[in-house]
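What follows is a short report on a single structure.
The values are calculated or read from the model by the stated rules, or taken from the named source; none is laboratory data. Quick caveat, the model's predicted, so the values are computed rather than measured. Cβ: placed from backbone, ideal geometry, glycine included. Neighbour counts: every protein chain shown. Surface accessibility is based on the protein's heavy atoms, side chains included, excluding ligands, DNA and RNA. Shrake-Rupley method; radii C 1.70, N 1.55, O 1.52, S 1.80 Å.
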Amino acid sequence: MKYVIIIPDGAADEPLESLGGRTPLEAARTPAMDQVAADGLVLRANHTPASLPPGSDIACMSLLGYNPLDYYTGRAPLEAAAQGIELGPYDWAIRCNLVTIEDQIMRSFTAGQISTQEAAALMAAAQEKLGSERIRFYPGVGYRNLVIYRGTAEQPAPFSADTRTTPPHDLTDQPVLDHYPRGPGSDLLNQLMSDSIGVFAEHPVNLARQAAGKLPATNIWLWGLGQAPKLPRFADRFGLQGAMITAVDLLRGLAALLGWRRIHVPGATGYLDTDYAAKGRYAIQALQEVDLVCVHIEAPDEASHEGHLEAKIQALEQIDQHIVGPIYQALQTIGEYRIMILPDHPTPIRLKTHAHGDVPVAMAGSDIQPDQARRYDELTAVQSSLYFPEGWKLMNFFLSRSG
C-alpha cells in the first residue's frame, strides 16, 4: 500500500460576499480534488486544540498523528531540527523573522519577501553585533531565521513556558506596540529586537533594497520559542517509512524528528511562485522508494496572510492541476493506495491570519468506502457525519486497513 498526503496550507476559509457567498475552495476550479472526493469521502477534522494558538506548527503535528497537547514545545525547535541544529537540555530555539515595521505598524512580516542571500548577510551582521557565546543567529530560508540560546544547568535560559510572543504574520498592517514579547526573558528578546534596528539601518542590503524600491528589513522579530520536543519516530508508531516535500523549515523539521526523508525540490520556494509541477513530479518519484509521501504547499497560506483572494484561488488551482491531478493518476497505476487532501488549519482572507476551526478532508483509495460527496470544499465537509475533533486521531483512520 502506498499513501499520499497533500497539505494545501491554510486553504480552508469562510464564505465571502465577493465570491457570492462561496469560499475560495468552492470558487476555485479543482477537478482533481473533486474527483478524489467523488471517488472516496469528505469529512472534517480539527487540528488545533482550543488551548493552543492556531498555527502550522501545532496543526501539522496533529495532522501527522501526534497529539500536540503531549508533544508540542514550540515552533522554533522544529525549525532548528530542519537545519540540523541540535538542542541540549538547557537550550532554547527562537524564531527570528526579518520584518518591516514603519511607524509601529507591521508593514511586512517577510521584509518584502527578502531573499535568502540578503537575509544571510543581515543575520551575519546581527551575529557580529548582537551575538555572543550564548546567543547565536542562524540564517534560514528568506525571512525565516533562528536564534539559539545556549543555556547550562548553572546558567539556564531566562525563558519559561510562561514567556509569551506573537507571530508577526498575525499582525499584518496592524500596530505592534501591544504585541512585543512579555513574561520571563522578554527583556532580553525585546532588547535584541530593538538593537537590531541600528544594526540594519545602514546595512548595504537594506540600502540596495531601498534604492530598488523594495521594503527594507527594519529589524528582527522574535517569537515561537521552545525547547527540543521528544517525538516517537513515525516508523515505530505506524510501521511506515515516510518522505516530506516542502520548502518550509517547520515541516522539514517535523519530518526530521519523525525519521522521514526530506526531499529537496528545485524551484520550491514556500511562496506563490513555487514550482507546483516539480513538487508533483518529485512526489511521484518518491513513491517508488517510501511507503508514504507528504506534499506540503505554503502558497494558499501566504496569499491569505497578504489578503490576496485571487492569488489564493490561483494557488489552489495550481495545486489541483500540477500536484493532485498527476499524483492521483499515478497512484491508480501502482496497485493499492490511499490519498488524503487536507489543510492544516483555516487561514481566512478576512483575518489575514490563522484561525481555530475545522478543515475539510478528502480521502480515497483502497478499502475506502465512498460516501455521497461530489466536491471537495468546506460546505461538503460540514454535511458529513464523520468528524475528528481531535485531529491527531485522523492518521490512524487514514492508515487503517479497515477503512
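Can you pull out the residues in segment 319-347 that are farther than 15 Å from residue 281 by Cβ, touching a strand residue (DSSP E or B) at 6+ places or on another chain (Cβ under 8 Å) and of a type outside the set (Val, Ile, Thr)?
335, 336, 337, 338, 340, 342, 343, 344, 345, 346
Which numbered condition trips up residue 84, out of (1) out of contact with any helix residue (DSSP H, G or I) (no Cβ under 7 Å at 6 or more places or on another chain); (2) at pLDDT 95 or above?
(2)
Any idea how many residues of segment 247-273 are touching a residue at least 12 places away in the same chain (Cβ under 8 Å) and open to solvent by 10 Å² or more (accessible area, probe 1.4 Å)? It would help to see each step written out before you state the result.
Let us first name the residues in segment 247-273 that are touching a residue at least 12 places away in the same chain (Cβ under 8 Å), namely 247-263, 265-266, 268-272.
Right, trim to open to solvent by 10 Å² or more (accessible area, probe 1.4 Å) and you get 247, 249, 252, 256-257, 259-263, 266, 268-269, 271-272.
Matching residues across segment 247-273 total 15.
Report, by residue number, each residue of segment 167-185 that is farther than 18 Å from residue 73 by Cβ and either polar (S, T, N, Q) or crowded, with 20+ Cβ neighbours inside 10 Å (or both).
Matches in segment 167-185: 168, 169, 171, 172, 174.
In this structure, is residue 100 buried (at least 17 other Cβ atoms within 10 Å of the Cβ), touching a residue at least 60 places away in the same chain (Cβ under 8 Å) and β-branched (Val, Ile, Thr)?
Here the answer is yes, as residue 100 does meet what is asked.
Report every pair of residues separated by at least 6 positions or lying on different chains whose Cβ atoms are under 7 Å apart, first residue within segment 350-378 and under 18 Å from residue 49 (Cβ atoms), second at pLDDT below 95.
From residues that are under 18 Å from residue 49 (Cβ atoms), the pairs are 353/169; 353/170; 353/305; 354/54; 354/55; 355/54; 356/54.
Starting from residues that are crowded, with 18+ Cβ neighbours inside 10 Å and not in a strand (DSSP E or B), keep the ones in segment 327-341 and report whichever is nearest to the chain's Cα centre (by Cα).
Filtering first and then ranking leaves 327.
Do we find a residue being in a loop (DSSP other than H, G, I, E, B) and of a type in the set (Gly, Ala, Ser) anywhere in segment 99-108?
The answer is no, given that none of the residues of segment 99-108 is in a loop (DSSP other than H, G, I, E, B) and of a type in the set (Gly, Ala, Ser).
Which helices (runs of 4 or more DSSP H) does segment 209-296 wholly contain that include 2 or more residues that are of a type in the set (Ser, Thr, Tyr) and within 30 Å of residue 161 (Cβ to Cβ)?
Filter on segment 209-296 gives an empty set.
Quick check on residue 241: is it more than 18 Å from residue 139 (Cα to Cα), in contact (Cβ under 8 Å) with a residue 60 or more places away in the chain and either crowded, with 16+ Cβ neighbours inside 10 Å or in contact with a helix residue (DSSP H, G or I) (Cβ under 9 Å, 6 or more places away or on another chain) (or both)?
Values: more than 18 Å from residue 139 (Cα to Cα): yes; in contact (Cβ under 8 Å) with a residue 60 or more places away in the chain: no; either crowded, with 16+ Cβ neighbours inside 10 Å or in contact with a helix residue (DSSP H, G or I) (Cβ under 9 Å, 6 or more places away or on another chain) (or both): yes.
So residue 241 does not fit the description; no.
Can you find a residue in segment 139-157 that is closer than 21 Å to residue 212 by Cα and of a type in the set (Gly, Ala, Ser)?
Looking for residues that are closer than 21 Å to residue 212 by Cα and of a type in the set (Gly, Ala, Ser), one finds at least one in segment 139-157, hence yes.
How many residues are open to solvent by 10 Å² or more (accessible area, probe 1.4 Å) and either under 18 Å from the mean Cα position of the chain (by Cα) or more than 30 Å from residue 230 (Cβ to Cβ) (or both) if we restrict to segment 117-128?
Residues that pass the stated criteria total 7.
Restricting to segment 58-77, count the residues that are in a helix (DSSP H, G or I) and modelled with pLDDT of 95 or more.
Residues flagged as in a helix (DSSP H, G or I) and modelled with pLDDT of 95 or more within segment 58-77 amount to 12.
Output the residues belonging to segment 1-34 that are open to solvent by 20 Å² or more (accessible area, probe 1.4 Å), among the polar types (S, T, N, Q) and within 30 Å of residue 401 (Cβ to Cβ).
The answer is none; no residue qualifies.
Could you pull out the residue among 135, 105, 114 that is out of contact with any helix residue (DSSP H, G or I) (no Cβ under 6 Å at 6 or more places or on another chain) and surrounded by 23 or more Cβ atoms within 10 Å (Cβ to Cβ)?
Working: 135 fails: surrounded by 23 or more Cβ atoms within 10 Å (Cβ to Cβ); 105 fails: surrounded by 23 or more Cβ atoms within 10 Å (Cβ to Cβ).
The conditions single out 114.
For the condition among the small types (Gly, Ala, Ser), surrounded by 24 or more Cβ atoms within 10 Å (Cβ to Cβ) and over 30 Å from residue 151 (Cβ atoms), what is the one hit in 37, 50, 80, 93?
Values: 50 fails: surrounded by 24 or more Cβ atoms within 10 Å (Cβ to Cβ); 80 fails: over 30 Å from residue 151 (Cβ atoms); 93 fails: over 30 Å from residue 151 (Cβ atoms).
One residue alone meets the criteria, 37.
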